[in-house]
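Data first, discussion second: the structure below is written as structure tokens.
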Amino acid sequence: MGNKIFITLGSQKFQFNRLLEAVDELCEKGTVDAEDVFAQIGYSDYFPKNFSYKKFLDRDEFSAEMGKADIVITHGGTGAIIGAVKKGKKVIAVPRRAKYGEHVDDHQLQLIKQFDDLNLICSCQDTGKLDVALKTVQLTRYNSYESNTINIISSIEDYIKGI
């Protein structure tokens, strides 16, 4: 039994077929054990052939799947990334791209780069290199997430005092 993988694609009204197809291919090749993969596929219209999935999960189901996972593969949504990192999961983030109709723009590229620069996640720009990302994420120690709330509050207080 390998690492449990949870794929979460969020609840925005965009497909992310490209990522699901890449994972399906890795399962087919035997690079990933399909038994270890579960996906929440959202609005994607590609239905995985080799691993379990559900379109949407309620909060409890989501929490249960996240809890079982060693590795979380997600799109570049801030909430999805922070949620997984906070739970101590190894995260592979794949940006949705406008050119594939996965989002309206390419802001997820910048978001993922910031998380990667902080050594919180493994960035995977190319779904064809997902196998490399899976190896990398298992061999890398990532920083734990530190909430920035205190810094934000103090900078707001400094700003207010400065008026």
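Restricting to segment 86-103, what's the tally of residues that are touching a strand residue (DSSP E or B) at 6+ places or on another chain (Cβ under 9 Å) and either part of a loop (DSSP other than H, G, I, E, B) or surrounded by fewer than 16 Cβ atoms within 10 Å (Cβ to Cβ) (or both)?
Total satisfying the criteria: 6.
Name the residue, out of ILE73, ILE112, that is crowded, with 20+ Cβ neighbours inside 10 Å and without any contact (Cβ under 8 Å) to a residue 60 or more places away in the chain.
ILE112
Go through (1) open to solvent by 50 Å² or more (accessible area, probe 1.4 Å); (2) closer than 19 Å to LEU130 by Cα; (3) touching a Phe, Trp or Tyr at 6+ places or on another chain (Cβ under 9 Å) for GLN40 and report which single condition fails.
Only one criterion is unmet by GLN40, namely (1).
The conditions are (1) under 15 Å from VAL137 (Cβ atoms); (2) out of contact with any strand residue (DSSP E or B) (no Cβ under 7 Å at 6 or more places or on another chain); (3) in a helix (DSSP H, G or I), and GLY83 fails exactly one of them. Which is it?
That leaves (1) as the condition not met.
When you look at PHE16, is it open to solvent by 60 Å² or more (accessible area, probe 1.4 Å) and either at pLDDT 95 or above or under 17 Å from GLY77 (Cβ atoms) (or both), yes or no?
no
Has segment 65-77 got at least one residue that is of a type in the set (A, V, I, L, M) and either part of a helix (DSSP H, G or I) or farther than 23 Å from TYR145 by Cβ (or both)?
Yes; the residues of segment 65-77 include at least one that is of a type in the set (A, V, I, L, M) and either part of a helix (DSSP H, G or I) or farther than 23 Å from TYR145 by Cβ (or both).
For segment 53-64, give me the residue count where each residue is among the charged types (D, E, K, R) and part of a helix (DSSP H, G or I).
Result for segment 53-64: 3.
Kindly establish whether LEU134 is modelled with pLDDT of 95 or more, farther than 20 Å from SER44 by Cα and open to solvent by less than 90 Å² (accessible area, probe 1.4 Å).
Answer is yes for this residue.
Identify all residues within segment 115-147 that are without any contact (Cβ under 8 Å) to a residue 24 or more places away in the chain and under 14 Å from the mean Cα position of the chain (by Cα); write none if there are none.
Within segment 115-147, ASP116, ASP126 meet the criteria.
When you go through (1) under 19 Å from TYR100 (Cα atoms); (2) in a loop (DSSP other than H, G, I, E, B); (3) under 16 Å from the mean Cα position of the chain (by Cα); (4) of a type outside the set (A, V, I, L, M) one by one for LYS13, which number turns out not to apply?
Result: LYS13 passes all but (3).
The values are calculated or read from the model by the stated rules, or taken from the named source; none is laboratory data. Owing to the predicted nature of the structure, the values given are computational and were not obtained by experimental measurement. Every residue, glycine as well, gets a Cβ built from its backbone with ideal geometry; the counts of neighbours run over all protein chains shown. Areas reflect the complete protein model, heavy atoms only, side chains present, ligands, DNA and RNA absent. Shrake-Rupley method; radii C 1.70, N 1.55, O 1.52, S 1.80 Å.
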